[in-house]
Every structure is written in C-alpha cells, then in structure tokens.
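Below: the structure, in structure tokens.
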Amino acid sequence: MTQPTNLTELLRQAAASAPGHAALVAPGGSTTYAELDAAVDAAAHAFVGLGLGPGERVAVHLPNARAFVVAYLGAVRAGCVAVPLNPLATADELQDLLADCGAAAVVTRTDGAGRIAGLRGALPELTHVLVDGEPPRARDGEPPLPRSATVDWAELLRSAPTGAHAAGSAGEDLAALVYTAGTSGRPRAAMLSHRALLANLEQCSAIEPPVVGPDEVVLIVLPLFHIYGLNTGLGMVLRHAATAVLLERFDPVETLQAVAQHEVTVLLGAPPIFVAWSLLPAVAESLTSVRLALSGAAPIPAVAHRRLLEATGHVVFEGYGLTETAPVLTSTLLSEVARPSSIGRPLPGVELQLRDERGEEVDVDDPGEIVVRGANLFSGYWPDGSGGPDADGWWATGDIAVADEAGELHLVDRLRELILVSGFNVYPREIEERLLRHPAIAQAAVIGIPHPYTGQAVRALVVPTATGPTADELTPEDVVAWCAAALARFKCPTSVQFVDELPQGPLDKVSKGRLRALYGAVTS
C-alpha cells in the first residue's frame, strides 16, 4: 500500500480495497466506502466549482453525521483547509471563529444558517453558506433572506461533476484548523498539516496488539469537531477501512442500545461517558460485543474504572494528548498494567521529556513539564505559525507530569489556568470578559472545581457593583443566564459565588492560586 501524503488518500485506498464494506453507520442509514469516496469526490468538485482554491478555509458546522464526513473530507481533497466548528456554538462565538479563520465557506444545518445569515455583514470573507437541509426562514418581522444568502448543499452535490478528484494538497500543506486552548484569552486554531494528522494515525497503528482493524465497528459519539473524535476516531477508521457508528449526541441509555444493536467492538469515549455507563445496570449486557474501551481528554475517576471492571470485565485504557499533537501522545495500552492513575507511555515515534523550569530533564518521581517531539506536531497557531515547535522540533505542552520507576507517566496538573470540562478546554478569561459586561458586576474571576462526572466544572466568583439598577437584585441564576446567552453550555458556570473582593497579587492582578485555595473546593 502506497504511503499516503493527503489525508483523503486513506479513503481512496479503503474504497479500492473494500468498496462494499460499510464505512459509516449514521442516522439515515449505512454508507459503503465506494459510496463515501464518490460523495467526497462530489464535494471536492463542488468546492472547486464555487471558486474555492487551495488553502482557503471551509468551516464545517455540523454534528456527527454523514454530511460532516463528506464536507470535511471533500474540503481537504479539494485542497482547502477544513475548519470543524462546534454545531452548538452561539452566534457570538460563530462570528468570532469565522472571522478569525477567514472562512470563505461554511457548511451548516438550517438552524446554523439562520444564525450565520445575520452575521454576514460582519464576515466579508464568507461568500458561501451551504445548507444541509431546508433553507432558513426569516424570523417574524425580519425581511426574507435573499436567495443568494444560502445554497442547498445536497443539490450542490447532486449537480457536481462525477469522477475522481485529484488531491489538491499534501504533506506540509494544512489539512485542518482545529480550535483549542490558548494559554489565555480566546480560542486559537492549531494548524494541522496532512503530515501531522497522518503521522499520529501511524503512531497509533504501531501499538501492539492493534487498536483498530478492518473488521472493527467503532463508536464515535465524541464530537467530530474535537480532534479526538476527528482523527483518533474518524481518521483511524479510514486508516484501517473499519466501520464508524456515528451518534449526534450522548445519551447513556440510547448509546448503550446503539452499541448492542450495531455490535460495536471498539469504544472511544471521554470520562463523562464511562462514568454515566458505569451507573447503568444494563452496561454488562450491552457491552458484550466490545473488545476494547479507550478514554481520553481527561482522567477517569477511579471509582468508575472499578465499577466498569467489576460489571463488564473491561479495563478502560486511557491516553493523553492535545489538539496540537493530532492528538495522542501516550497510552496505557503500552503499559504493563493499565492503572487508573496513569496516562501510560509515549507512542512509538513520539519523543517525550519531563523538564524543569531551567529546561533540564527531571529525576524519577519529580514533576516536570511535558515536552514532546514527533512528526505528529502541529505547525503553530493560526495565522502566522506562532507558538509551534522550537528549532529542534520540541514543543512544551504546558502540562506537568511525573514518571515513576517503571516509566509510567502520571499527569499532575495544568501549568496554566485552563479548565477541562468533559475534556473540552474552557478559558477563564473568555467567561470573565462576558461577566464583566453585565451592568451589575464590578469584578469577576473564574476557576475550575472538581466535578465527579465532568472532571472539572466552572465556578464564577463575582463582586457586584456598589450601586446600580440591578446590583441589589442580582442572583446566581441571573449570572448563569447572562453567560448562557453568549457562551456554549459547557463554558457556563455551574456555581456562582458572590464575594466582597478578589485577592490581588503582584501588579494588581487577581491571584488565581489564592482563589483556588479559598473557593476551589466542592460545596453543597
């Protein structure tokens, strides 16, 4: 098999070797590899027919469905740069992300098109809104949307030229921009090349025994706009010509039913998924077809590990990675014994060191920052490549770990102020900026607190204004609602505490360390 240099060559090879094999099982039915390859060709032709050239950004604002896969791979095959976006993002968040990446086109559903249509004036580079579904209707009292504002995505694919479309990019060319955590401020887009995405798939495929094979049925309920679902999930399925079962949302009971119905053999999940399953009496019966269970994005609570092992006999193997590393760096699949407290060992082809503040490697059992090197590393942050690997190819993750005498890695803490909610990165500053726009809030700070299901939750510490029209009446519910109007649900505070003042550190900066000491515990 020829080593691919374009991500979509994985699909081409799978369609050639197993044309009738099911590639996707999704709402609406099953899609074979031959059918998926033809649909991706049509999408690539359609994007080029719209005048979208190599390097132009195409946003994919869709849930886990066949349309996402076709749009994502079609954009990549056309030589464009795919930009997966959270389908639940608010209008404010969409505007920021579409403006930041300079998207020329977006593929979305009807509700998303309605939100985006109202933003067109603020997004001069966005020339095409492609709608998977009925075109949006204008709201009451608004003028009708112009027909030129949207294009029927399904009709565009039907009218596209047939036949193979040659890959329009390869190697170091960008395949995707995937939004992730900056160390502060708003999300930043990691620039992921074909080389990086393909390299991580080869690194994961070098694990013995194999993680995925051609006869596997892989559950992908993890969102495809997240690098874990996108590359470790969809990418590995394509790499091995396996079958992906796509689910648009996670419901514990319905997802277990889907696992049993489709005889899923490989589970890809995040801690909240496994915690929820561990509490259901039907979990053992539902997982009888499962060969391997994998978790990432955050540590699984030890109690959930134990419940699942006792109920099903399955050890849930854990891994560690980041969007910037495409994403997997370590896995307990490589450990002699998979322990809940461990993130395992580095994948083949990944170099990993733990360094102190002087840049020197630390001793066994001493904490150090995880610094990595490998072909799977990103090309820096959009648009200028800043923050990428150094001249020697090393990149500092910002995470602290220790290595024990057996060589097992144990994640200790986040070096920076990031909050992880169900494996999703939450930026305190973004929430704080929203809080400070409220007329009754004088100061605000956001910290992460432990949560049994999501790993962490968001707590807002709020200093009300001394005077004001709503200061005396401000409630925690008001604060949460204020955030929910502009932020995705996982970013919103789950608890709000009113305080008289925020502790200050040097240069009058709020001391997050003192805040965590004072308010970082779970309260009833």
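The table below lists the values:
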| item | result |
| --- | --- |
| Per-selection metrics, the range 254-328 (Cα): Rg and Dmax in Å | 12.3, 38 |
| Angstrom value of the Kirkwood radius, inverse mean 1/r, which spans all Cα pairs in the range 261-414 | 16.7 Å |
| 222 nm mean residue ellipticity, helices alone, for the chain (DSSP H n ≥ 4; -39,500 (n - 2.57); rounded to 500) | -7500 deg cm²/dmol |
| Neighbourhood net charge (12 Å Cβ-Cβ; Lys/Arg +1, Asp/Glu -1) for Ala89 | -1 |
| Theoretical gain in end-to-end length, Arg291 to Glu172 [0.36 nm per residue, Cα-Cα removed] | 39.3 nm |
| Under 5 Å, built H, 5+ apart or other chain: amide partners of Thr32 | Ala23 |
| 3J(HN,Hα) from dihedral phi, the range 109-121, Karplus parametrisation 6.51/-1.76/1.60, rounded to Hz, x for glycine, proline | 8, 4, 5, x, 5, x, 5, 6, 4, x, 9, 4, x |
| Difference of contour (0.36 nm per residue) and Cα-Cα distance, Val362 to Ala484 | 39.6 nm |
| Base-10 log of normalised Debye intensity for the range 191-266 (one unit scatterer per alpha-carbon) at q = 0.16, 0.19, 0.25, 0.27 Å⁻¹ | -0.59, -0.80, -1.18, -1.28 |
| Simple spin-label estimate for Ala284 and Glu351 in nanometres, 7 Å along Cα-Cβ | 4.9 nm |
| Pairwise Cα inverse-distance average, inverted: Kirkwood Rh of the range 5-154 (Å) | 15.8 Å |
| Protein accessible area in the chain, 1.4 Å probe - carbon and sulfur % | 53 percent |
| Among 79-89, 220-230, 157-167, the order from most to least packed when residues are scored by Cβ within 10 Å on average | 220-230, 79-89, 157-167 |
| Computed magnitude of the charge dipole of the chain (debye, nearest 20; Cβ of K, R +1, Cβ of D, E -1) | 920 debye |
| For the range 223-304, accessible area per residue (1.4 Å probe, heavy atoms of protein chains only), Å² | 33 Å² |
| Cα pair distances in the range 341-426, grouped into 5 Å bins until the bin that holds the longest one, percent each | 3, 13, 21, 24, 22, 13, 3, 1, 0 |
| Table column - 3J(HN,Hα) (Hz), the range 42-51, Karplus curve with 6.51, -1.76, 1.60, x for Gly and Pro | 4, 5, 4, 4, 5, 4, 5, x, 7, x |
| More than 22 Å apart - percent of Cα-Cα pairs taken over the range 421-524 | 27 percent |
| 11 Å beta-carbon shell around Val212, net charge (K/R +1, D/E -1) | 0 |
| Accessible area expressed per residue, the range 65-114, with surrounding protein chains retained (probe 1.4 Å, Å²) | 21 Å² |
| Cα pair count fraction exceeding 14 Å, expressed as % - the range 414-464 | 51 percent |
| Estimated translational D of the chain in µm²/s (Stokes, Kirkwood radius over Cα pairs; 20 °C; 1.002 mPa s) | 89 µm²/s |
| Radius of gyration and maximum dimension Dmax of the range 310-371, Cα, Å | 13.6, 47 |
| Stretchable slack from Ala154 to Phe498, in nm (0.36 nm times residue separation minus alpha-carbon distance) | 118.8 nm |
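The values are calculated or read from the model by the stated rules, or taken from the named source; none is laboratory data. What you see is a predicted model, and the numbers here were worked out from it, not measured in a lab. Cβ: placed from backbone, ideal geometry, glycine included. Neighbour counts: every protein chain shown. What goes into the accessible areas is simple: the full protein's heavy atoms, side chains included, and nothing from ligands, DNA or RNA. Shrake-Rupley method; radii C 1.70, N 1.55, O 1.52, S 1.80 Å.
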